[in-house]
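Inspection log for the structure reproduced underneath, given as structure tokens.
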Amino acid sequence: MTASKDLFQHHESFKVNAFHRRSFPPEVFHTFLDGLEKKSAGLLHIRSVGQSFEGRPIRLATIGNGKTTILLWSQMHGDESTATMAIADILQFLVQTHADEATHSLLSSLTLYILPILNPDGAARFQRRTAQGIDMNRDALTLCTPEAQILKRLQQELKPQFGFNLHDQELSTVGTTKELSAIALLAPAFDPQKSDNDVRIRAKHLAATFAEAIHHCVPGKVTRYDDTFEPRAFGDTMQKWGTSTVLVESGHALKDPEKQVIRRLNFVGIISSLFSIASGKYESADISLYDNLPLNGKRAYDVIIRNVKIDHGRGKSTQLDVGISYQVDTHSELPPRLVDMGDLHTFVGLKEIDGKGKTIPQSEPRLGMPFEWEKYVTSPA
Ligand SMILES: [Zn+2]
């Protein structure tokens with residue numbers, strides 16, 4: 001089973017059901033890893049590579065014994081768990097199908113090093129930052145966090161040829177359309193000029209491979225992430241250190257609050273990319289597929305209430321749309337805020353609510369301020 005269409009179709013048979021919600025304790029993941037290691041008859045190795053600031057274990061899973069080395073890491077932002085769920089499914093797939101010719105050949109060409117839940121303290125709280133309050137994706141140079149030190153040390157020790165930097169992105173659209181971005185990809189720049197070298201070109205081939213693999217699952221919903229050089233970020237730094245790195249940003253789909261649709265895309269995209277690296281096919285992936293991906297746009301809000309009446313008092317009112325943001329992927333602790341009002345027909349709401357016949361008093365909605373919208377309209381199931 002190497003075709004991306006087959007992987008998409010058969011995902012359910014490899015899906016680890018312990019993870020059906022985005023938030024789960026890191027210990028549950030470790031229990032799953034231990035169980036799979038036992039079942040794998042020596043194929044999968046789990047070892048501790050250090051501890052988080054609060055002493056939670058950070059563990060590396062190794063599978064395969066090929067000469068091409070690949071490092072995958074997820075959840076350096078504690079509330080970005082979509083790829084971690086997919087990693088469970090990917091490991092399950094590799095163990096279950098290891099005797100198949102295709103998987104056998106993959107595991108003898110590649111050695112996969114997988115670091116799921118790099119920020120377990122953040123994951124335990126389902127928050128972006130580490131226990132020290134640091135965004136570890138801005139800590140690749142100063143290394144104030146033990147978690148960043150571990151990631152750098154592993155890169156230096158293992159010298160992986162390829163890297164998968166796995167995240168969840170803010171709610172984004174496909175350019176200026178109302179289509180939600182399902183996944184955004186980036187071959188990060190290693191300098192402010194966004195130069196190319198062999199390392200980054202390989203990453204671009206890999207990003208094109210990934211995009212091609214998931215295109216048929218979500219046509220037109222794969223985007224390109226902003227490629228502004230960020231010297232403090234790990235993707236950019238890994239590229240500089242010689243690991244061809246692709247940033248995979250899990251996006252959104254309608255009616256998918258637990259991101260199971262996006263998890264499946266990660267499963268398909270990552271396994272397809274691994275097969276393609278193993279066979280060497282990725283080298284012939286057309287870079288223009290990646291270059292021509294539409295950029296991420298900002299035409300979406302978490303909630304849009306349509307055609308609701310704002311009561312100004314003294315018999316005056318306005319009918320308009322109201323946009324509300326939870327910023328769930330970046331600041332999960334914040335209450336919902338009112339971020340826009342007026343004609344929002346060019347925007348899409350992750351949740352769309354018909355506000356016809358409902359009224360909000362003018363005293364309530366203030367731009368930029370917390371807004372308890374559920375006091376005025378009921379949320380659909
Ligand atoms: Zn992130």
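I'd like the full set of residues that are within 15 Å of the ligand (Cβ to nearest atom) and of a type outside the set (S, T, N, Q), limited to the range 59-84.
Quick first cut of the range 59-84, residues within 15 Å of the ligand (Cβ to nearest atom) only: 72-84.
Across the range 59-84, the qualifying residues are 72, 73, 76, 77, 78, 79, 80, 83.
Results for (1) within 21 Å of the chain's Cα centre (by Cα); (2) modelled with pLDDT under 95; (3) surrounded by fewer than 22 Cβ atoms within 10 Å (Cβ to Cβ), shown as yes or no for each residue.
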position	(1), (2), (3)
92	yes, no, yes
97	no, no, yes
103	no, no, no
106	no, no, no
117	yes, no, no
124	yes, no, yes
132	no, no, yes
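What is the number of the single condition among (1) modelled with pLDDT under 95; (2) under 30 Å from residue 130 (Cβ atoms) that residue 374 does not meet?
(2)
Any residue at all in the range 14-32 that's out of contact with any Pro (no Cβ under 6 Å at 6 or more places or on another chain) and within 16 Å of the ligand (Cβ to nearest atom)?
So far as the range 14-32 goes, yes, one or more of its residues are out of contact with any Pro (no Cβ under 6 Å at 6 or more places or on another chain) and within 16 Å of the ligand (Cβ to nearest atom).
If you scan the range 141-151, which residues turn out to be closer than 14 Å to residue 237 by Cβ and within 19 Å of the chain's Cα centre (by Cα)?
Passing the criteria: 148, 151.
Considering 253, 233, 211, which residue is within 16 Å of the ligand (Cβ to nearest atom), under 17 Å from the mean Cα position of the chain (by Cα) and of a type outside the set (Phe, Trp, Tyr)?
On the way: 253 fails: within 16 Å of the ligand (Cβ to nearest atom); 211 fails: within 16 Å of the ligand (Cβ to nearest atom).
So the residue among 253, 233, 211 that is within 16 Å of the ligand (Cβ to nearest atom), under 17 Å from the mean Cα position of the chain (by Cα) and of a type outside the set (Phe, Trp, Tyr) is 233.
Please find, within the range 152-195, the residue that is surrounded by the most Cβ atoms within 10 Å (Cβ to Cβ) out of those that are of a type in the set (Asp, Glu) and within 28 Å of residue 79 (Cβ to Cβ).
If we filter the range 152-195 for residues that are of a type in the set (Asp, Glu), which is where we start, we get 157, 168, 170, 179, 191.
Cutting the leftovers down to within 28 Å of residue 79 (Cβ to Cβ) gives us 168, 170, 179.
On the way: 168: 26, 170: 17, 179: 19.
Checking each candidate, the answer is 168.
In the range 138-152, which residue that is out of contact with any strand residue (DSSP E or B) (no Cβ under 8 Å at 6 or more places or on another chain) and assigned to a helix (DSSP H, G or I) is farthest from the ligand (Cβ to nearest atom)? Lay out the reasoning, then the answer.
Within the range 138-152, the first condition is being out of contact with any strand residue (DSSP E or B) (no Cβ under 8 Å at 6 or more places or on another chain), and the residues that meet it are 138-145, 148, 152.
Then drop every residue that is not assigned to a helix (DSSP H, G or I), which leaves 138, 148, 152.
Working: 138: 11, 148: 13, 152: 17 Å.
Per the criteria, the residue is 152.
Looking only at the range 160-180, count how many residues are within 16 Å of the ligand (Cβ to nearest atom) and under 25 Å from residue 231 (Cβ atoms). Walk me through how you get there before you give the answer.
Filtering the range 160-180 for residues within 16 Å of the ligand (Cβ to nearest atom) gives 163-172.
From what is left, the residues that are under 25 Å from residue 231 (Cβ atoms) are 163-170, 172.
Result for the range 160-180: 9.
Within the range 113-131, can one find any residue that is in contact (Cβ under 8 Å) with a residue 12 or more places away in the chain, more than 16 Å from the ligand (Cβ to nearest atom) and under 27 Å from residue 13 (Cα atoms)? Let's see the steps before the verdict.
From the range 113-131, those in contact (Cβ under 8 Å) with a residue 12 or more places away in the chain are 113-131; that's our starting set.
Then keep just the ones that are more than 16 Å from the ligand (Cβ to nearest atom); that gives 113-114, 124, 131.
Imposing the further condition that a residue be under 27 Å from residue 13 (Cα atoms) reduces the set to 113-114.
Yes.
Name the helices (runs of 4 or more DSSP H) wholly inside the range 196-315 in which the number of residues that are exposed (fewer than 15 other Cβ atoms within 10 Å of the Cβ) is 1 or more. Full working, then the answer.
Numbers: elements: 198-215, 234-241, 260-279, 287-291.
Answer list for the range 196-315: 198-215, 260-279, 287-291.
Is it the case, given these coordinates, that residue 84 is hydroxyl-bearing (Ser, Thr, Tyr), crowded, with 18+ Cβ neighbours inside 10 Å, touching a Leu at 6+ places or on another chain (Cβ under 9 Å) and not in a loop (DSSP other than H, G, I, E, B)? Break it down stepwise before answering.
On the way: hydroxyl-bearing (Ser, Thr, Tyr): yes; crowded, with 18+ Cβ neighbours inside 10 Å: yes; touching a Leu at 6+ places or on another chain (Cβ under 9 Å): yes; not in a loop (DSSP other than H, G, I, E, B): yes.
Considered against the rule, which asks whether it is hydroxyl-bearing (Ser, Thr, Tyr), crowded, with 18+ Cβ neighbours inside 10 Å, touching a Leu at 6+ places or on another chain (Cβ under 9 Å) and not in a loop (DSSP other than H, G, I, E, B), residue 84 comes out as yes.
The values are calculated or read from the model by the stated rules, or taken from the named source; none is laboratory data. Note that the structure is a prediction, hence the values are computed from the model and not measured. Quick reminder, even Gly has a Cβ in these numbers, built from the backbone with ideal geometry, and neighbours come from all protein chains shown.
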